[in-house]
Amino acid sequence: MSGEVSNDLLVDIFERLPPKSVIQLRSLSKYWHSRIATPEFVRNYNLRHSKNPDQKVLIRHLTYCGNYEFKDIYTLHDGDQLPLDPGSGYTGIPGVEFPHGTKQIIGSCNGILCLQDNRNNICLWNVSIRRELIVPSCPLKSSSHTISGFGFDPIAYDYKVVAIPYSTCYKSHENNNTFIYSLKTDSWSRIPSPSSRFYNMKSEKACFFNGILHWVVEGYVNKLSTEDPKDHTWSCFILTLDLSTCVFGHIVFRTNWRIKQLTTVNGCLTVVCLGLGSWEGGDCWIMTMKEYGNTESWCKLYKLDIKEAFDLVKVLQLPVRSDGGDLVAYYEGSKVYNPETKMETKVLKFGPYCFNLEMEAYVGSLELLDKERATTCGETIFSWTKEDNNKRLRLSQDDDDDDDGECSVLNYTF
């Protein structure tokens, strides 16, 4: 009995540790190697840490390696430790290589990245514990246009991927071909397609919020078979999918905003839009919905005073810190703008021939550790050889000359 009590106490201690430390503890014995990877331990661990998550910012770097070869490199940072200072750069921060070619991040939830390539091959990857699961091929028939999304079903405690085909041709419409993947069952199933007819995607990826996926699309909110002429009006609206009920819905805008991004800020659904409907001028606004689902509750949060508004890539809320956290916008050239302080800085490059393509909010977790099909992925740490280092310094200097004097010579400790 005392042994059992001791194990329970150890479990309680282990559940309080960061993911990397827990993974190392699996080497203690066969018992702990197995116990830590059980669904019960993983779920309890993640539920405990959901109250005080290990919040990070993930930066994805596309790195040119010569001979027409590119690699995806990922780095994890605390919210107040973005690589902005040339004196420190990425010192002490390893670059994790994703070894299966370049893929786009279509979603990030509870420590799992959902990655997809241009052939619609999808995988789930937990960067913090280096575990990957290849999603089976979607049974969706060939379609020239598909929107995807990734999120978490809190009712079933299940991660899901959705694939929705659509057509850009007015006279064509895909029907009954929407599929959803369940990580729990490791399989795809067909669900009813949305009744809304849309022909154009306005947001690059889905926004997951409160168990619901959101996309900004253009088209007709309701079926054209209705007799109400208002339903026949072409408009920009938010398509929604509740991952627990698999029911589609929509949220309309008060005016026809030019949407750049759909995200969340301070626990509210938020859009980044240009010009607020006017096709003249490059003003960029952050609009937030104070009451979810209430169209009249949209209000202005910030105006982004940046010159390259049309080159804006993303607005991201950094992890909450003791001072309340920061809201930043970044755009071409990896410049970061804080709308609260109106200060502009630049994210340093991971090295010459590196491009800071994406920034994502990220939390450490043990998700995927309990999945039998999940495999180790990302063990390779990107590093410079001694011979390459001198070349890197020369290239960095050349890069500085072409980059408004910004210093991109970084320190590396791999």
What pairs can you find where one residue is in segment 159-174 and over 15 Å from Cys138 (Cβ atoms), the other is at pLDDT below 75 and not small (Gly, Ala, Ser), and their Cβ atoms are less than 9 Å apart, with a gap of 6+ or different chains?
Ser167/His173; Ser167/Glu174
Any idea which of Thr75, Thr102 is modelled with pLDDT under 90, closer than 27 Å to Gln261 by Cα, in a strand (DSSP E or B) and hydroxyl-bearing (Ser, Thr, Tyr)?
Thr75
Only listed residue being crowded, with 20+ Cβ neighbours inside 10 Å, in a strand (DSSP E or B), in contact with a His (Cβ under 6 Å, 6 or more places away or on another chain) and at pLDDT 90 or above, chosen from Thr240, Thr270
Thr240
Those residues of segment 181-224 which are hydroxyl-bearing (Ser, Thr, Tyr) and out of contact with any helix residue (DSSP H, G or I) (no Cβ under 7 Å at 6 or more places or on another chain), in sequence order:
Tyr181, Ser182, Thr185, Ser187, Ser189, Ser193, Ser195, Ser196, Tyr199, Ser203
Is it the case that Leu84 is of a type outside the set (Asp, Glu) and closer than 21 Å to Glu379 by Cβ?
no
If you scan segment 194-224, which residues turn out to be of a type in the set (Val, Ile, Thr) and part of a strand (DSSP E or B)?
Ile212, Val216, Val217
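Report, by residue number, each residue of segment 308-351 that is closer than 23 Å to Lys202 by Cβ, in a loop (DSSP other than H, G, I, E, B) and either over 19 Å from the mean Cα position of the chain (by Cα) or at pLDDT 75 or above (or both).
Those that are closer than 23 Å to Lys202 by Cβ, in a loop (DSSP other than H, G, I, E, B) and either over 19 Å from the mean Cα position of the chain (by Cα) or at pLDDT 75 or above (or both): Glu308, Pro339.
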Based on this model, can you work out whether Ser137 counts as hydroxyl-bearing (Ser, Thr, Tyr), buried (at least 18 other Cβ atoms within 10 Å of the Cβ) and at pLDDT 80 or above?
no
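Yes/no matrix, rows are residues, columns are (1) farther than 20 Å from Met359 by Cβ; (2) of a type outside the set (Ser, Thr, Tyr); (3) surrounded by 14 or more Cβ atoms within 10 Å (Cβ to Cβ):
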position	(1), (2), (3)
Ile23	yes, yes, yes
Leu28	yes, yes, no
Tyr31	yes, no, no
His49	yes, yes, yes
Pro53	no, yes, yes
Asn67	yes, yes, no
His77	no, yes, yes
Leu82	no, yes, yes
Asp85	no, yes, no
Is segment 178-189 home to any residue that is at pLDDT 95 or above, touching a Gly at 6+ places or on another chain (Cβ under 6 Å) and surrounded by 18 or more Cβ atoms within 10 Å (Cβ to Cβ)?
no
Kindly provide the set of residues from segment 1-29 that are modelled with pLDDT under 90 and of a type in the set (Asp, Glu), ordered by number.
Glu4, Asp8
Could you grab the pairs with beta carbons closer than 9 Å, sequence gap of 6+ or different chains, first residue in segment 185-210 and under 22 Å from Tyr157 (Cα atoms), second one of a type in the set (D, E, K, R) and surrounded by fewer than 18 Cβ atoms within 10 Å (Cβ to Cβ)?
Thr185/Asp158; Asp186/Arg373
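The values are calculated or read from the model by the stated rules, or taken from the named source; none is laboratory data. No experiment lies behind these values; they were computed from the predicted model shown. Cβ sites come from the backbone with ideal geometry, for glycine too, and all protein chains shown count toward neighbours.
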